[in-house]
Amino acid sequence: MLKLRPGRLIIASHNDGKIKEINALVSPFKIKAVSSKKIGLIEPEETGKTFAENAMIKARAAASASRLPALADDSGLEVSALDGAPGIYSARWSGPQRDFYFAMAKIETALEEKHPTDLSARFVCALCLAWPNGDEAVFEGEATGSLTFPPRGMQGFGYDPIFVPEGYDITFGEMEPDKKHAMSHRANAFRKLIDACLT
């Protein structure tokens, strides 16, 4: 497997929250992360059936178009009582305006209708690192916990305000970014990437 060297890395995302988190994770390694949004790359259609497949689609497209290494993240929230939904459709549940308060209300309503006492959930992340020569590697991580309503906290992004990680009584939305970065699904996947490609 190729090693990721100091220099430019394309973050294959147009999600500003993800870009900020990934930048914080790679910056200690003297890697300058640049988003595909910033250099005008078009987001490919996510046709995969898993987080890993969607991450691969995005990373391959960005590496091929930029001729630079590219890192793509596909992640989402899986709610046990909703049979793993919204899962790979987590962003789509927020609608065309990417309104995650709408999406969180949708989850709350679905739980009330189906199983109001089971609030267990997990965040899942798949990272794909792709090189222009076709090499690639996928790393997966998760964070388990439970949901709470109404949403709490203004930190983070997406579903963070309703997710309470296991062992805590505050949501990711209430947690300081450094603390979340140390324990999130993205951080857990990134540790595997570090071991394989950065050390």
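The values are calculated or read from the model by the stated rules, or taken from the named source; none is laboratory data. The shown structure was predicted, so the numbers you read here are calculated from the model rather than taken from an experiment. Every residue, glycine as well, gets a Cβ built from its backbone with ideal geometry; the counts of neighbours run over all protein chains shown. Note: areas computed on protein heavy atoms with side chains; ligands, DNA, RNA excluded. Shrake-Rupley method; radii C 1.70, N 1.55, O 1.52, S 1.80 Å.
Side notes on the structure shown:
- Whichever residue in the stretch 175-199 is part of a loop (DSSP other than H, G, I, E, B) and of a type in the set (S, T, N, Q) and, among such residues, is surrounded by the fewest Cβ atoms within 10 Å (Cβ to Cβ): 199
- Considering the stretch 137-174, and only residues there that are under 16 Å from residue 25 (Cβ atoms) and assigned to a loop (DSSP other than H, G, I, E, B), the residue that is modelled with the highest pLDDT turns out to be 172.
- Members of the stretch 26-41 that are under 21 Å from residue 60 (Cα atoms) and in contact with a helix residue (DSSP H, G or I) (Cβ under 9 Å, 6 or more places away or on another chain): 26, 31, 32, 33, 34, 35, 36, 37, 38, 39, 41
- Residue within the stretch 79-91 that is touching a residue at least 60 places away in the same chain (Cβ under 8 Å) and open to solvent by less than 20 Å² (accessible area, probe 1.4 Å) present: yes
- Total residues in the stretch 92-127, condition touching a Phe, Trp or Tyr at 6+ places or on another chain (Cβ under 8 Å), outside any helix (DSSP H, G or I) and not aromatic (Phe, Trp, Tyr): 6
- Selection count, the stretch 22-76, where residues are open to solvent by 50 Å² or more (accessible area, probe 1.4 Å), under 25 Å from residue 93 (Cβ atoms) and either part of a helix (DSSP H, G or I) or touching a strand residue (DSSP E or B) at 6+ places or on another chain (Cβ under 9 Å) (or both): 4
- Of the residues 148, 171, 117, 109, the single one that is more than 16 Å from the chain's Cα centre (by Cα) and surrounded by 21 or more Cβ atoms within 10 Å (Cβ to Cβ) is 171.
- Restricting the stretch 76-100 to residues that are of a type outside the set (A, V, I, L, M, F, W, C) and touching a helix residue (DSSP H, G or I) at 6+ places or on another chain (Cβ under 6 Å), the residue that is farthest from residue 193 (Cα to Cα) is 95.
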